[in-house]
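Single-structure report; data block below.
The values are calculated or read from the model by the stated rules, or taken from the named source; none is laboratory data. All values reported here derive from a predicted model rather than from experimental measurement. Using ideal geometry, Cβ is built from the backbone for each residue, glycine included, and neighbour counts are taken over all protein chains shown.
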Amino acid sequence: MRTKLYLASFIKLAPVLAQSTDLQSGLSSALNVIMLIGFIFGVVCVIGGGFAIRRGDTDAGKMSIVGGLIIAGAPVIVKALFAAFGNSNSTVDVGGF
């Protein structure tokens with residue numbers, strides 16, 4: 001008896017679980033927010049590296065600038081890698097933010 005009740009309730013939920021477009025749009029929005037935060041953090045690192053060079057600490061300044069550029073440009077780098085390996089039609093677009 002309980003098995004039939006469980007299966008009946010699962011069958012009612014099955015169409016809800018099959019809708020993956022809401023999941024993809026939610027994931028895309030979350031990744032866009034993460035990319036925006038990473039971009040801001042990368043810009044802050046580049047500016048901090050410029051100030052470090054100005055203070056005379058050139059090694060740390062150069063490393064901070066290179067790290068900031070990699071952090072800020074990570075979405076574009078990942079998009080280029082996706083295109084290079086043949087997966088250019090991914091569900092998450094970099095240009096969304």
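Tabulated data for the structure shown
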item	result
Looking only at segment 60-85, and only at residues there that are under 12 Å from Phe39 (Cβ atoms) and of a type in the set (Gly, Ala, Ser), the one that is surrounded by the fewest Cβ atoms within 10 Å (Cβ to Cβ)	Gly73
Pair list, Cβ < 8 Å and 6+ apart or interchain, from segment 43-58 residues that are over 15 Å from Ile70 (Cβ atoms) to residues that are surrounded by 13 or more Cβ atoms within 10 Å (Cβ to Cβ) and of a type in the set (S, T, N, Q)	Ala52/Ser64
Qualifying residue in segment 50-61 (condition: modelled with pLDDT of 75 or more, closer than 14 Å to Pro75 by Cβ and not charged (D, E, K, R))	no
